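Student: Below you will find the structure I want to go over with you.
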Amino acid sequence: MLAQTVRDVEAAVRKGRVTPSVRTTFQAVTLMLRDERTRVQADTTVTDRKRDEQLKRLDGIAAILVRIAVRDAGLLALLSDDANVSDGARSLKRDLQRAAGIETAAEEEAPPPRQVAATTERQVVPQSVTSRQLANPFLAPDVSTPRPEQVRPRRLASWELIGPLLSSFERAGGAPACMTLPGPTARFTPLGQELMPHQGRLVAAAAAGHRTFLLADEPGLGKTAQALLAAEAADAYPLLVVVPNVVKTNWAREAARWLPHRAATVVHGDGDTVDGFADIVIVNYDVLDRHLGWLGDLGFRGMVVDEAHFIKNKTSQRSRNVLTLSQRVRNRTARPLLMALTGTPLINDIDDFRAIWQFLGWIDDTRPIGDLMAALENSGLTPADPGFHSTARQCVIDMGIVRRRKVDVAADIPARRIADLHVELDGAAGRSIRAAERDLAERMVRQYRTALEARPTSSSADGVDLDLAHRIARAELKQAKSAKTGDNVFTMMRRIGLAKAALAADYAAQLARSAGKVVFFAKHIDVMDAAEDTFARQEVRYSSIRGDQTPTVRQRNIDAFVNDPDVAVAVCSLTAAGVGLNLQVASNVVLAELSWTDAEQTQAIDRSHRIGQTEPVTAWRIIAAQTLDARISELIGSKAGLAARALDGSDEEETAGVDVQVEALVALLVDALG
């Protein structure tokens, strides 16, 4: 009966008649096929040979269903486990079962929906993910490692434990919260890269079999690299990485750097560009709702949550989504790698730990579970016993809390570090900027080709004439400096800076909350204005240091940043505040816009990295991916090692700046010429 019904559907689809009735029949057959396969596998009344014959026939029908589905995207979606089952399909399935002589149980008349985190977003399944699922339609749970036995509390069965565990950290008395780590390993570090010793220790712990980590290192200590190489050490693929939108692109770049042999894919929007066969899937919190279904079914063996303090509110949709995915990963894989990354696990109070611990599988809604419960039982103590709190705290730390500060590993890190954070410019602003860059490139291409056509034929050469390209670039730059209107290299850099302003300010606000005071640099006044608006909306107090201020106002704002502990950010003009200031109170610098010279960038960073600074300084350059911004960042980096730091205002600094501007335009022209 199934074979005949599926042949009827196939005939209708071949004729192009994919009507609602055909879709209903297709889904009913799919549902019944799954039930029949389960029944045959569980039937102990038949011989193995008979069972194999029946399963082979069912596989043949499944192959026909797949062949039909690839002709129509709507049918293909119905093969997913998460597809919504229509009332018509349920009714037809029951009719088919009765026609085949199969009695249906009463509860099958209206089966309850599968429990997934509540969401108001529509669910989507990217085409490439469907292809991966079809390539392995009967993905089995990972049982390569024995699942740990669930510990039944005995002595502690009647005790409320979550509260005492949380309070044990409030009673810590300044003791460090870091599990014992083995010596560092470089076994998983790719050729040409180098891990710092503190990073190598965490990777070694993953290689030794540890599988849950609350990695709470301070910003700038390389948590991303540690997480990626820990996944390699644990062979935790496919790996799911959930991150804030501002660092999504940067995670993909870091994955390419530290795991060049692993394919990484980024989920944007509905996931139209997702590579369903990638080893690493990177998704931001904001679009997680619509991808819960297929992410929960893909078979991840590891999950990383970056900026894990984002899930501290367990009642938020964001937190519920992450906890749902974590539970499904743990249900499918015996000992998955679970990592929560945050420099600030506690923002409001000690209760912020709850959601992170639950994500890691240390607790559930009411009590400790698994290895944590076993450790507490083995301690022989109850909350009423002296020493319980210190022992319980250590039990939690041993589950995988890793916390290092910059000053603690100062010997491992350079005194000054520049870290690039690449961001995607989405929406109308991003499209407009990329269109303006194309227009600029096409304008230079026309000038280049006109100059070539004016030459004698005999003087033409194969390939790009770089000497001519440089002349075209210098002419464009000269015209841009005198132009009052229109798009040119300077107006585009300003537009890019404005498009990055909110993202850069958001990242600076995160740093301020987790690591203390931050110096925020921008070149243009409107970029500073946009950043300050973001800080005001997030209730982050800031001090503004600009070139149009009187000396009295300027000094008052500097003093406020240096002396007032509640003023978290200094918003500084790159040209007006890049020299002559002492801002050692901050060890993190955010460069929202790039300078044309390495010297100007260095001078800005040196406002914090100077005599009197007691901590290593990290400068975060916010770079717009796939724009002129990215080209300039590479050129500045290449120039940095070629010349000594220039004196403020010297001719050498100005010359270097012009070189970067010209080379950026040359690169744009050469790319456009192909």
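Student: Mind listing whichever residues of the stretch 54-93 are within 21 Å of ALA42 (Cα to Cα) and modelled with pLDDT of 75 or more?
Tutor: Residues of the stretch 54-93 within 21 Å of ALA42 (Cα to Cα): 54-62, 81, 93.
Matches in the stretch 54-93: GLN54, LEU55, LYS56, ARG57, LEU58, ASP59, GLY60, ILE61, ALA62, LYS93.
Student: While we're looking at this one, here's another question. When you scan the stretch 189-205, how many residues do you find that are in contact with a Gly (Cβ under 9 Å, 6 or more places away or on another chain) and not hydroxyl-bearing (Ser, Thr, Tyr)? Walk me through how you get there before you give the answer.
Tutor: Of the stretch 189-205, the ones in contact with a Gly (Cβ under 9 Å, 6 or more places away or on another chain) are 189, 195-201, 204-205.
From what is left, the residues that are not hydroxyl-bearing (Ser, Thr, Tyr) are 195-201, 204-205.
Here the count works out to 9.
Student: Out of all the residues in the stretch 184-204, which are free of Cβ contacts under 8 Å to residues at least 40 places away in the same chain, part of a loop (DSSP other than H, G, I, E, B) and closer than 18 Å to ARG405 by Cα?
Tutor: Once the filter is applied, which keeps residues that are free of Cβ contacts under 8 Å to residues at least 40 places away in the same chain, part of a loop (DSSP other than H, G, I, E, B) and closer than 18 Å to ARG405 by Cα, the stretch 184-204 yields PRO184, LEU195.
Student: Restricting to the stretch 323-363, count the residues that are β-branched (Val, Ile, Thr) and more than 19 Å from ALA216 (Cα to Cα). Walk me through it before giving the result.
Tutor: Of all residues in the stretch 323-363, those β-branched (Val, Ile, Thr) come to 324, 329, 333, 342, 344, 347, 350, 356, 363.
Now restrict to residues that are more than 19 Å from ALA216 (Cα to Cα): 324, 329, 333.
Result for the stretch 323-363: 3.
Student: With the structure loaded, tell me whether GLU663 is surrounded by fewer than 22 Cβ atoms within 10 Å (Cβ to Cβ), part of a helix (DSSP H, G or I) and at pLDDT 75 or above or whether it fails that test.
Tutor: Yes; evaluated as a whole, the condition is true for this residue.
Student: Let me ask something else. For the stretch 511-611, which helices (runs of 4 or more DSSP H) that fit wholly inside it have 2 or more residues that are surrounded by fewer than 18 Cβ atoms within 10 Å (Cβ to Cβ)?
Tutor: On the way: elements: 525-537, 551-563, 598-605.
Counting at least 2 such residues, we get 525-537, 551-563.
Student: Every residue in the stretch 205-227 that is among the aliphatic types (A, V, I, L, M) and either under 20 Å from GLN510 (Cβ atoms) or outside any helix (DSSP H, G or I) (or both), please. Even if it seems obvious, please write down each step before you answer.
Tutor: Taking the stretch 205-227 first, the residues among the aliphatic types (A, V, I, L, M) are 205-208, 214-216, 221, 225, 227.
Correct list: ALA208, LEU214, LEU215, ALA216, LEU221, ALA225, ALA227.
Student: So which residues in the stretch 248-302 are in a strand (DSSP E or B) and either out of contact with any helix residue (DSSP H, G or I) (no Cβ under 7 Å at 6 or more places or on another chain) or closer than 23 Å to TYR507 by Cβ (or both)? Explain how you work it out, then say what you get.
Tutor: From the stretch 248-302, those in a strand (DSSP E or B) are 264-267, 280-284, 302; that's our starting set.
Scanning the stretch 248-302 gives ALA264, THR265, VAL266, VAL267, ILE280, VAL281, ILE282, VAL283, ASN284.
Student: Right, another one. So, of the residues in the stretch 363-407 that are farther than 24 Å from ALA208 by Cα and acidic (Asp, Glu), which turns out to be surrounded by the most Cβ atoms within 10 Å (Cβ to Cβ)?
Tutor: Once the filter is applied, the top-ranked residue is GLU377.
Student: For the stretch 589-633, give me the residue count where each residue is touching a helix residue (DSSP H, G or I) at 6+ places or on another chain (Cβ under 9 Å), farther than 21 Å from LEU669 by Cα and of a type in the set (Asp, Glu).
Tutor: Residues meeting the conditions: 4.
Student: Follow-up. Count, please, the residues in the stretch 372-394 that happen to be free of Cβ contacts under 8 Å to residues at least 60 places away in the same chain and assigned to a helix (DSSP H, G or I).
Tutor: 6
Student: Here is a follow-up. What are the residues in the stretch 378-429 that are over 25 Å from the mean Cα position of the chain (by Cα), under 30 Å from VAL589 (Cβ atoms) and either at pLDDT 85 or above or acidic (Asp, Glu) (or both), if any? Before you say what the answer is, go through the steps one by one.
Tutor: Taking the stretch 378-429 and keeping what is over 25 Å from the mean Cα position of the chain (by Cα), we get 378-398, 407-412, 414-416.
Add one more test, that the residue is under 30 Å from VAL589 (Cβ atoms), and what stays is 407-412, 414-416.
The answer is ASP408, ASP412.
Student: Hey, could you check the stretch 289-325 for residues that are among the small types (Gly, Ala, Ser) and within 16 Å of the chain's Cα centre (by Cα) and say which is nearest to TYR237 (Cα to Cα)?
Tutor: Here is the first cut: in the stretch 289-325, the residues among the small types (Gly, Ala, Ser) are 293, 296, 299, 302, 308, 316, 319.
Restricting the remaining residues to those that are within 16 Å of the chain's Cα centre (by Cα) gives 302, 308, 319.
Details: GLY302: 6, ALA308: 21, SER319: 23 Å.
Checked the stretch 289-325; the qualifying residue nearest to TYR237 (Cα to Cα) is GLY302.
Student: Any residue in the stretch 42-63 that's not assigned by TED's automatic domain parsing to the domain that holds ARG7: show its pairings with residues that are surrounded by 10 or more Cβ atoms within 10 Å (Cβ to Cβ) and hydroxyl-bearing (Ser, Thr, Tyr) at Cβ separation under 6 Å, as long as the two are six or more apart or on different chains.
Tutor: Listed pairs, sorted by first residue: none to list.
The values are calculated or read from the model by the stated rules, or taken from the named source; none is laboratory data. Keep in mind the model is a prediction, meaning the values are calculated, not measured. Virtual Cβ from ideal backbone geometry, glycine too; neighbours counted across all protein chains shown.
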